[in-house]
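Asker: The structure is given below, and queries will be raised subsequently.
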Amino acid sequence: MKTKHLIIVLLTIVTLPMSAQKLFTLEDLNFGGTNYHNLRPKNMFLTWWGDQLVKTDVEECRLIDAKTGKETLLFTLDDVNKWAGSDDNHYVRHLMNATFPYPGEPLVFLGFKRSVILLDFQKKQVVWQDSLSGQDCNEWHAASRATVYKSDNQLYVVDGLGNKEQLTDDGSREIVYGEAVHRNEFGIDKGTFWSPDGQHLAFYRMDQSMVTDYPQVNIDPRIAELEPDKYPMAGMTSHRVTVGVRNLDAKKTIYLKTPLPSEGPGEVCYFTNIAWSPDSKTIYMFELNRDQNDCRLVSYDATTGEPIAELYRETSDKYVEPLHPILFLPWDNNLFILQSQKDGYNHLYLYNTKGELVKQLTSGPWVVMDVLGFNEKQKAVIIASNEKHPLQRNLYAVNTKTCKRMLLDNGEGVHRGILSKSGQHLIDRFSTPNQPNVINLFTLNTQHTVNLLTAEDPWKDYQQPIFESGTIKAADGATDLYWRMVKPRDFDPTKKYPTVVYVYGGPHAHNVEASWHWYSRPWETYMAQKGYIVFILDNRGSENRGRDFEQSTFRQLGQTEMQDQMCGVSFLKSLPYVDASRLGVHGWSFGGFMTISLMTNYPDVFKVGVAGGPVIDWKWYEVMYGERYMDTPQSNPDGYARTSLIAQAKNLKGKLQIIIGYNDPTVVPQHALSFLKACAEAGTQPDFFVYPGEGHNMRGHNSVHLHERITQYFEDYLK
């Protein structure tokens, strides 16, 4: 098999004898560990006050000069609590989350334990306070100073003068207001949407009374109690969503007159990516049918709820997945940017409010990964993309008139930016495989750059492994796949090493990028320290490589992915230092599904596996995600049968440990328990461990316990 090494990097130049350097523990490496925070790269908390940059810290806020980087003290934590007259119940603990919502005005927005305040730090006094901010789903609007929140399942609004209104009276476990819907798919992460003027509020209403309860159990009471989740499985009845709009001035709520939801594949079922017009009069929303292959952008009158027009439609023989609301140009309220993969890669398209395509702003065999905002002076949209390289993320200004792109960073590594109000200044936070964290301040009109931070290696006193990256060909023989390899610090190419394949493999994720350590997970360092090689491959189906790359797994999840992972195994077997008789595999969630898939479809290849939170049969997974990639069990019975691991239980040969959270609401316990039942019936012998009270991922120090358990399993059976 032909392979190509991109870069091989030894990240630490040893200046001390290896014996003089420290060894890592999971308390150092794992996010739940007691020393984890000390081994993270140095960082800065930064926010914009219009076009002025502010450094927020625990004890103080400082202005940073854009030309020189010089810092000037604004105020301290003690100042804030003195000016606010804080007591034990209203005490600001730190200033890291301080925001400055009004450019040019000396006002800072701060969170208290039981309230939030707007503080004038020149007059040294509180000018506004909301004592209700501790409630659920709290969202404040700077223009109107109104707050929406939930309490006892009902939705409330408090206006800028402190007047409270209850918007709903039928909220319950089954009728849910103001929260994310459709199980957080389609880019949805919240359920309330303020208009630009802060006088109108759009919100989701989700009726899930018709959705089957999944019987989760709380074991903490003396007699365990039923605490069911609403869980719509693929092919079953789903919830129904509507969108309400509250007019604060008129004290009136209307509902958008959207198509009635239906269980039929051709009917509209999903409403997502809600956006407001700049004049706060119109709502724009993407609507999808249940098959998720017919997507329409529809505008609605925010006063009457009547539909105005269908502005855009996109169909596919597989699926369309809108993830971003439209964005209006600040200098022309009749033009907006829409993101789509319709040409094979996620790109930006400029439309007018009549639904007419003005132009395609970006194009090429690369992906627009994010839109940071706009620079009105240059008439540019600021984006992040992987145009430079599939493993990179770089920042560009795209001129909306000429479509010319200007690179704003150094062209290396993985960059994440935060744009100032006018778009003239940019915080550029980035890392490269051998540089942990750099923060620069870039001015677009002068292209002047000030370095604010270049973090030293926080692992410099420790024995670090070797991190490498390269490519192999996919099973199609043509597509490049990117891998990462982590080797022991004292690696000897004449020796044979046990090797663990870490796998995720599913959509909306990647494991290899050109950031610090090639985006390596700290657990890989722990394993390398114990004498293992760890190998990670991003197979087809993962993100940031274009539509066809992602959709190659349609209706057959796990099949193409396994073929590519086995190409990775063939590569490993070609290396003289990999012990092919001691191959292990580990992954979580989709990676748990992949782990058991590989263990049972290639039982003579993998000696040991650890599968966390594994999907076993996609018919037990939720509607939105499951049907996007697999269609329904009724329409794709062969695909569901082929990808199910129940029938594969009889093929298990190696040592397999399955680990789940006992109260997992994402991959419900039925998956793992059904596989265990099938193994018992087939006479195969997996091991099983469960974390009571935990969900899909282990929280806090339980994560340290989990990774020690995973490690020990490989130590017991692979080494």
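The values are calculated or read from the model by the stated rules, or taken from the named source; none is laboratory data. Note that the structure is predicted; figures quoted are calculated from it, not measured. Note that we place each Cβ from the backbone using ideal geometry, even for glycine, and neighbour counts take in every protein chain shown. With ligands, DNA and RNA removed, areas are computed over all heavy atoms of the protein, side chains included. Shrake-Rupley method; radii C 1.70, N 1.55, O 1.52, S 1.80 Å.
Asker: Applying the selection to the range 53-77, what residues are farther than 23 Å from ASN451 by Cα and either without any contact (Cβ under 8 Å) to a residue 12 or more places away in the chain or hydrophobic (A, V, I, L, M, F, W, C) (or both)?
Answerer: PHE75, LEU77
Asker: Which one of the conditions (1) free of Cβ contacts under 8 Å to residues at least 60 places away in the same chain; (2) open to solvent by 30 Å² or more (accessible area, probe 1.4 Å); (3) over 25 Å from PHE112 (Cβ atoms) does LYS123 fail to meet, given that it meets all the rest?
Answerer: Looking at each condition in turn, LYS123 falls short on (3).
Asker: Another one. Here are the criteria: (1) under 27 Å from MET44 (Cα atoms); (2) more than 21 Å from the chain's Cα centre (by Cα). Tell me which single one ILE382 does not satisfy.
Answerer: (2)
Asker: Let me spell it out: the conditions are (1) open to solvent by less than 30 Å² (accessible area, probe 1.4 Å); (2) assigned to a loop (DSSP other than H, G, I, E, B), and GLU412 meets all of them except one. Which number is the exception?
Answerer: The failed condition is (1).
Asker: Does any residue of the range 196-208 turn out to be under 30 Å from SER644 (Cα atoms), at pLDDT 95 or above and assigned to a loop (DSSP other than H, G, I, E, B)?
Answerer: yes
Asker: Another question, if that's okay. Going through the range 375-387 one residue at a time, which ones are in contact (Cβ under 8 Å) with a residue 24 or more places away in the chain and either open to solvent by 10 Å² or more (accessible area, probe 1.4 Å) or assigned to a loop (DSSP other than H, G, I, E, B) (or both)?
Answerer: Across the range 375-387, the qualifying residues are GLU376, LYS377, GLN378, LYS379, ASN386.
Asker: Now a separate question. Only one of these is modelled with pLDDT of 95 or more, surrounded by fewer than 21 Cβ atoms within 10 Å (Cβ to Cβ) and more than 24 Å from VAL501 (Cβ to Cβ): ALA682, ALA647. Name it.
Answerer: Only one candidate qualifies: ALA682.
Asker: Quick one: count up the residues across the range 39-85 that are surrounded by 15 or more Cβ atoms within 10 Å (Cβ to Cβ), assigned to a loop (DSSP other than H, G, I, E, B) and at negative phi.
Answerer: 5
Asker: Check whether at least one residue in the range 460-467 is assigned to a strand (DSSP E or B), farther than 30 Å from LYS377 by Cβ and not aromatic (Phe, Trp, Tyr), and report yes or no.
Answerer: yes
Asker: Restrict the check to the range 209-219 and report whether at least one residue is of a type in the set (S, T, N, Q), buried (at least 16 other Cβ atoms within 10 Å of the Cβ) and over 28 Å from ASP617 (Cβ atoms).
Answerer: No, that holds for no residue.
Asker: Follow-up question, since we're still on this one. Among the numbered criteria (1) surrounded by fewer than 20 Cβ atoms within 10 Å (Cβ to Cβ); (2) closer than 23 Å to TYR177 by Cβ; (3) touching an Asp or Glu at 6+ places or on another chain (Cβ under 9 Å); (4) not charged (D, E, K, R), which one does ILE283 miss?
Answerer: Going through the list (1) surrounded by fewer than 20 Cβ atoms within 10 Å (Cβ to Cβ); (2) closer than 23 Å to TYR177 by Cβ; (3) touching an Asp or Glu at 6+ places or on another chain (Cβ under 9 Å); (4) not charged (D, E, K, R), ILE283 breaks only (1).
Asker: Can you pull out the residues in the range 272-294 that are part of a strand (DSSP E or B) and on the phi > 0 side of the Ramachandran plot?
Answerer: ASN273
Asker: VAL534 - would you say it is under 19 Å from ASN511 (Cα atoms), open to solvent by less than 10 Å² (accessible area, probe 1.4 Å) and not aromatic (Phe, Trp, Tyr)?
Answerer: In short, yes.
Asker: Looking at the range 603-697, what helices (runs of 4 or more DSSP H) fall wholly within it and have at least 2 residues that are hydroxyl-bearing (Ser, Thr, Tyr)?
Answerer: Passing ranges, in order: 623-630, 637-643.
Asker: Going through GLU561, GLU524 one at a time, which residue ends up being in contact with a Pro (Cβ under 9 Å, 6 or more places away or on another chain), open to solvent by less than 10 Å² (accessible area, probe 1.4 Å) and acidic (Asp, Glu)?
Answerer: GLU524
Asker: Determine which member of the set LYS677, LYS719 is of a type in the set (D, E, K, R) and touching a residue at least 40 places away in the same chain (Cβ under 8 Å).
Answerer: LYS719
Asker: GLY613: crowded, with 23+ Cβ neighbours inside 10 Å, at positive phi and within 22 Å of the chain's Cα centre (by Cα), yes or no?
Answerer: The answer is yes for GLY613.
Asker: Hey, does the range 397-407 have a residue that's open to solvent by less than 20 Å² (accessible area, probe 1.4 Å) and over 27 Å from ILE439 (Cβ atoms)?
Answerer: Yes.
Asker: Pull out all pairs, ordered by first then second residue, where Cβ-Cβ is under 8 Å, the residues are six or more apart or on different chains, the first lies in the range 432-446 and is more than 27 Å from GLU376 (Cα to Cα) and among the aromatic types (Phe, Trp, Tyr), and the second is open to solvent by less than 10 Å² (accessible area, probe 1.4 Å) and in a strand (DSSP E or B).
Answerer: none
Asker: Still on this structure: Quick one: in the range 288-309, which of the residues that are under 24 Å from the mean Cα position of the chain (by Cα) and of a type in the set (D, E, K, R) is most open to solvent (accessible area, probe 1.4 Å)?
Answerer: So the residue we want is ASP291.
Asker: Residue under question is GLU550, and the condition is that it be open to solvent by less than 10 Å² (accessible area, probe 1.4 Å) and not in a loop (DSSP other than H, G, I, E, B); does it hold?
Answerer: No.
Asker: Also, I was wondering about something else. Within the range 354-367, can you find the residues that are over 15 Å from ASN399 (Cβ atoms) and either aliphatic (A, V, I, L, M) or open to solvent by 50 Å² or more (accessible area, probe 1.4 Å) (or both)?
Answerer: Result: LYS354, GLU356, LEU357, PRO365, VAL367.
Asker: Quick one: which residue in TYR577, TYR625, TYR640 is aromatic (Phe, Trp, Tyr) and either buried (at least 24 other Cβ atoms within 10 Å of the Cβ) or under 20 Å from PRO498 (Cβ atoms) (or both)?
Answerer: Answer to the selection: TYR577.
Asker: Any residue that is under 25 Å from the mean Cα position of the chain (by Cα), open to solvent by less than 30 Å² (accessible area, probe 1.4 Å), of a type outside the set (A, V, I, L, M) and at negative phi - is there at least one of those in the range 437-454?
Answerer: Within the range 437-454 (the criterion being under 25 Å from the mean Cα position of the chain (by Cα), open to solvent by less than 30 Å² (accessible area, probe 1.4 Å), of a type outside the set (A, V, I, L, M) and at negative phi), the answer is yes, since at least one residue qualifies.
Asker: So, of the residues in the range 700-710 that are in contact with a strand residue (DSSP E or B) (Cβ under 9 Å, 6 or more places away or on another chain) and in contact (Cβ under 8 Å) with a residue 40 or more places away in the chain, which turns out to be farthest from TYR526 (Cα to Cα)?
Answerer: If we take residues in the range 700-710 being in contact with a strand residue (DSSP E or B) (Cβ under 9 Å, 6 or more places away or on another chain) and in contact (Cβ under 8 Å) with a residue 40 or more places away in the chain, then ASN702 is farthest from TYR526 (Cα to Cα).
Asker: Tally time: how many residues in the range 138-155 are closer than 20 Å to VAL181 by Cα, open to solvent by 50 Å² or more (accessible area, probe 1.4 Å) and either in contact with a strand residue (DSSP E or B) (Cβ under 6 Å, 6 or more places away or on another chain) or among the charged types (D, E, K, R) (or both)?
Answerer: Qualifying residue count, the range 138-155: 2.
Asker: Restricting to the range 156-194, name every residue that is open to solvent by less than 60 Å² (accessible area, probe 1.4 Å) and in a strand (DSSP E or B).
Answerer: TYR156, VAL157, VAL158, GLU165, ILE175, VAL176, TYR177, THR192, PHE193, TRP194
Asker: Among the aromatic types (Phe, Trp, Tyr), within 18 Å of the chain's Cα centre (by Cα) and either open to solvent by 10 Å² or more (accessible area, probe 1.4 Å) or at pLDDT below 95 (or both): which single residue out of TYR497, TYR519 fits that description?
Answerer: Being among the aromatic types (Phe, Trp, Tyr), within 18 Å of the chain's Cα centre (by Cα) and either open to solvent by 10 Å² or more (accessible area, probe 1.4 Å) or at pLDDT below 95 (or both) holds for just one of TYR497, TYR519, which is TYR519.
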